[in-house]
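Engineer: Below: one structure in structure tokens.
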Amino acid sequence: MARTNFDMLLQAGCHFGHLKRKWNPAMAPYIYTERNGIHIIDLHKTVAKIDEAAEALKQIAKSGKKILFVGTKKQTKDVIAEKATSVSMPYVIERWPGGMLTNFPTIRKAVKKMANIDKLMTDGTYGNLSKRELLQITRQRAKLEKNLGSIADLTRLPSALFVVDVMKEQIAVKEANRLGIPVFGIVDTNSEPKNIDFVIPANDDAKDSVEVILNACCTAIAEGLEERKAEKADEKAAEAQAEAEDEERRERRPARKAPKAEQPQQEAAAEAEAPAQADAQAEAEAPAAE
């Protein structure tokens, strides 16, 4: 079953491209026609591409890997943050920190610094600082939170990038390409699709257009996460059943006989008792002989 349909995309305005004079010829396969100097995107191809991307995202989520959502446009920030948070995925909606992927350890140090500031504030270490010093630390913490707070839980490189407007976020796309990280992107008629692994041709400026596409993709991610939980629950149940069966087998086993190593000891004890029994029998027969 398709995750989106032609009417949904049409209503959201996904078909509106850029002006004809701003187009990228590489997007020609995804353009239906031109009206009033504006390119119209073929939504039938958009539907197929959304389903393809959603299925791939579902498999990534099912394997327990992270997908980083990227989009710094003012009109789409809130939508991206909301949808990414709903599936517990990291996102970047402020300025893309250069080297975030190619120099990931440095970014992790900045995130740890933010956590250390929180720790020192709660345990009272900063209690003796002046108001000016405390204000500087607070501002530094707020800046780190704004730029890196949404990726605080990203302890390793993401397994995929979902980019809204690949032209604006070209630095993020280049870093992902360099590291071999697959890129899912909403690509408008003015953008270059060749560096995008999963192209979703659509309007990347309208909030409604981005929202309807993210809805379909995040629903697929949520399905992948649920299937992962179900598989883990089945594995635990299977392990518990196997342990119960092993315990039952152990209880049903008959008691073992004495080991062979104990038999010589028993024979030696019997031989030691034999002379004593013979002497006692001789003493009992002696009066009868007299």
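Engineer: Wholly within segment 77-163, which helices (runs of 4 or more DSSP H) include no fewer than the required count, namely at least 2 residues that are surrounded by 13 or more Cβ atoms within 10 Å (Cβ to Cβ) and outside the structural domain of residue 223 (by TED's automatic domain parsing)? Write out each step before concluding.
Structural biologist: On the way: elements: 77-86, 104-122, 131-148.
Passing ranges, in order: 104-122, 131-148.
Engineer: Considering only segment 33-43, I want to know if a residue exists there that is assigned to a helix (DSSP H, G or I) and either of a type in the set (Phe, Trp, Tyr) or surrounded by fewer than 17 Cβ atoms within 10 Å (Cβ to Cβ) (or both).
Structural biologist: No.
Okay, residues lined up against (1) under 30 Å from residue 26 (Cα atoms); (2) of a type in the set (Lys, Arg):
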site	(1), (2)
80	yes, no
90	no, no
95	yes, yes
141	no, yes
146	no, yes
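Engineer: Counting only residues that are touching a strand residue (DSSP E or B) at 6+ places or on another chain (Cβ under 8 Å) and either surrounded by fewer than 16 Cβ atoms within 10 Å (Cβ to Cβ) or in a helix (DSSP H, G or I) (or both), how many does segment 1-31 have?
Structural biologist: Qualifying residue count, segment 1-31: 4.
Engineer: Let me ask you something else. Any idea which residue in segment 164-192 is surrounded by the fewest Cβ atoms within 10 Å (Cβ to Cβ), counting only those that are among the charged types (D, E, K, R) and touching an Asp or Glu at 6+ places or on another chain (Cβ under 8 Å)? Before you say what the answer is, go through the steps one by one.
Structural biologist: Keep residues of segment 164-192 that are among the charged types (D, E, K, R), which gives 165, 168-169, 174-175, 178, 188, 192.
Among the residues that remain, those that are also touching an Asp or Glu at 6+ places or on another chain (Cβ under 8 Å) are: 165, 188.
Values: 165: 21, 188: 28.
Only one residue fits best here, namely 165.
Engineer: Any residue in segment 76-97 that is within 18 Å of residue 142 (Cβ to Cβ) sitting within a Cβ distance under 9 Å of a residue that is among the hydroxyl-bearing types (Ser, Thr, Tyr) and at pLDDT below 90? List the pairs, counting only those 6 or more apart or interchain.
Structural biologist: 81/150; 92/150; 93/150; 94/150
Engineer: Determine whether residue 105 is within 20 Å of residue 155 (Cβ to Cβ) and without any contact (Cβ under 8 Å) to a residue 12 or more places away in the chain.
Structural biologist: Criteria met by residue 105.
Engineer: Somewhere in segment 152-171, is a residue within 18 Å of the chain's Cα centre (by Cα), basic (Lys, Arg) and over 28 Å from residue 205 (Cβ atoms)?
Structural biologist: Yes, segment 152-171 has at least one match.
The values are calculated or read from the model by the stated rules, or taken from the named source; none is laboratory data. Source: prediction; values computed, not measured. When we count neighbours, we look across all protein chains shown, and the Cβ atoms used for this are built from the backbone with ideal geometry, even at glycine.
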